[in-house]
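Since the structure comes first, as structure tokens, the remarks are kept for the end.
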């Protein structure tokens, strides 16, 4: 029988950070290549001449379709060109003859992108947002863990050193709570004193 490998919290944190770094690296690369493309790309209007349909089914039996249009346009040299969009989408289910604003690479007119923000920048921005979101989550979780570890009292644990708790609450800027603990301590001390 094989033993299940149990990962330590530190190992899990490193794996999560590596996944975040992978997203950031991918997003930065996509954004860089989009920037290089838009720097030289020429904007024009083309016409949809064909739409390729892709069908996919999931385990529950539902079917979805995505569409990849072929767009014909005339380049700056006056030569008729035709190219497919690099991505497919359910939003591209458009009739043949529909005009679309595009950008094309003048050195390779088969490389086109729709002249829309998401088509130019969206994938890079999405990957960067996910990557930085993962990093922000890990940093936040580490700060919360540090606060918990620095806390003199863990949840449901008895208060062994009330002065430490008061000092911690004041350090955290929770003076009202510190004053409340101090009052309870003084009240408990008064009740514990022998009466004459």
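What follows is calculated from the coordinates using simple rules that are stated; it is not laboratory data. Nothing here was measured: the structure is a model prediction, and the numbers come from that model. Cβ coordinates were reconstructed from backbone atoms using ideal geometry, including for glycine residues, and neighbour counts include every protein chain displayed.
Details
- Degrees separating the helix 123-150 axis from the principal Cα axis of the chain, which is the longest one: 10 degrees
- log10 of Debye I(q)/I(0), alpha-carbon scatterers only, for the stretch 9-124 at 0.12, 0.13, 0.15 Å⁻¹: -0.56, -0.63, -0.77
- Helical content of the chain, expressed as a calculated mean residue ellipticity at 222 nm, amounts to -15500 deg cm²/dmol (DSSP H runs of 4 or more residues, -39,500 (n - 2.57) each, divided by residue number, nearest 500).
- Overall shape: prolate for the chain, with the ratio a/c of the largest to smallest alpha carbon gyration tensor axis at 1.5 or above and a/b above b/c.
- C-alpha long axis of helix 175-192 to longest principal axis of the chain, angle in °: 30 degrees
- Along each principal axis, Cα extent of the stretch 86-126, largest first, Å: 28, 27, 14
- Arranged from fewest to most other beta-carbon atoms within 10 Å of their beta carbon, 7, 126 become 7, 126.
- Three-way shape call for the stretch 60-134 based on the alpha-carbon gyration tensor, with the a/c threshold at 1.5: oblate
- To the nearest ten degrees, helix 162-171 and the longest principal axis of the Cα atoms of the chain are 40 degrees apart.
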